[in-house]
Every structure is written in structure tokens, then in C-alpha cells.
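Shown next, in C-alpha cells, is the structure this report addresses.
The values are calculated or read from the model by the stated rules, or taken from the named source; none is laboratory data. If you're wondering where the values come from, they're calculated on a predicted model, not measured in any experiment. Note that each Cβ is placed from the backbone with ideal geometry, even for glycine, and that neighbours are counted across all protein chains shown. Keep in mind that these areas ignore ligands, DNA and RNA; they rest on the heavy atoms of the full protein, side chains included. Shrake-Rupley method; radii C 1.70, N 1.55, O 1.52, S 1.80 Å.
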Amino acid sequence: MARKLKTYQTSLGFFDLAMAAPSMKAALEAWGADSNLFHQGAAKESHDPGVIAATMAKPGVVLRRPVGTDRPFSEHAQLPTDLGGGGPTKAVRKSKGAKAKQPSSRPVDKAAERKAAVAFEKEQKRRERERASEEAARQKDRERRQQAVDKAQAALEKAEQEHAKRAAAIQAEVEALKKRSQAEKARWDKEKERLEATLQRARG
């Protein structure tokens, strides 16, 4: 059974955030908060009829508006245009004045609540599928890179083995040439000695 949704609101960076979610935990996860903003007093359940209507129309979707204003919440809000202004803006003053208003006493539409809860679950499942798809793509990329690394490593090891084989063959040839050189030197020393002796005898 779909859980009843509530509207939660906070401010992060340049935006006020609001969303319809079944719990504070779900809202924090959707906001990407790394701490409990509700315990810190930086987030709250909203009772503003306009905010509730906007979030219930798109349950599970994080809506934004420029921080400190009373503009309507939307998925793609523009950055505040009065950053660094000298005094409170008209929107801020208007927002402060609205604090005195009491929450709406309109009757609760049970069918709309159920519809919003179902829509939230669909949005949550969509986000989960999107995260799973992204993780699968990352995993595939990791496997592809690992295959490339393994292939390059195998090629390097094969080349090293081939090099060692050729180096050993060259070394064997060097040893053989060294032995031949030594044998030739011994032969020449003996031959030279014999010829010099013959020359010496011929000279008398």
C-alpha cells in the first residue's frame, strides 16, 4: 500500500527546495543532504497550501525557487536576481508578512493523496532504475578498461618473454664467438711462434 505523502521544505545554496515524500528520510535522500537538516532546524514539514499543491502535483520530484522569495516552486528555477542587494526585497518582505497566515483548513482529498503517493513511488522507482542503469554503465566501463589493461599486460609479458629468448640466443652466440676467438688466438700464438722460429733459423 502506498504511504501517505507530506510536503517537506528546506533551503540549500541559492534555492528553497520542496518535495512531496513519505518521510523525512526520503526527502533528505532526494535533496542529497549529508546530515539531518530536520534535527538541525534547517528543514521542516510545509503547511503552505500553494507549496503542498505544487509538490503533490509532482510527487518525488525536488522543486526549487530562488531562496528568500515567494515565487512558485518549479523543477527548473532560475538563480536569485537580488544576490548582494542592500536591503530586503519586496518578495522577502511579502514572504515575511505571509508567516502570520494560518494553514489552510481545506478538506483533505484522499483520492488525490493516494494518487500522489502512487506517483511518488513511480518517481522513486524511476530514480532507482536510473541509478541502476548508471551503475551498470560504470561497471561495464570498468570491465572494458580492465579488459584493456589485461590485454596490454599480456602483450607486455609476451614481449618480455620474446625479448628474453632473443637476448639468451644472442648471449649464446656471444659465448660461442668468444670461444672461437680464444681458440683462434691460441692457434695464432702457436703458429706465430713456429713461423718466428723458422725465420730465426733462416737468418742463421
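Data for the structure
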| item | result |
| --- | --- |
| Links that overshoot a 31 Å alpha carbon limit, given the list LYS44/LYS115; LYS44/LYS122; LYS58/LYS140 | LYS58/LYS140 |
| Calculated FRET efficiency for the pair ARG127/ALA57, C-beta based, R₀ 22 Å, to 0.05 | 0.80 |
| Neighbour net charge for MET19 - beta-carbon separation under 13 angstrom, K R +1, D E -1 | +2 |
| Highest-first arrangement of 197-203, 70-76, where packing means the average Cβ count within 10 Å | 70-76, 197-203 |
| Charge context of ARG138, other residues only, Cβ under 13 angstrom, K/R +1, D/E -1 | 0 |
| About the Cα centre, charge dipole magnitude for region 123-204 (Lys/Arg +1, Asp/Glu -1 at Cβ), debye | 220 |
| Packing-based ranking, highest mean first, of 15-21, 149-155, 62-68 given that Cβ atoms within 10 Å are counted | 15-21, 62-68, 149-155 |
| Nonlocal amide H pairs with VAL67, under 5 Å, H built at 1.01 Å | PHE15, ASP16 |
| Point-charge dipole on Cβ atoms (K/R +1, D/E -1) for region 1-73, about Cα centre, debye to 20 | 220 |
| Probe 1.4 Å, accessible area per residue of region 1-53, Å² | 54 |
| Neighbourhood charge, 14 Å Cβ-Cβ cut-off, centred on GLU128 and excluding it, Lys, Arg +1 and Asp, Glu -1 | 0 |
| Accessible area in square angstrom per residue, region 105-204, 1.4 angstrom probe | 91 |
| Descending Cα extents along the principal axes, region 139-189, whole Å | 73, 8, 5 |
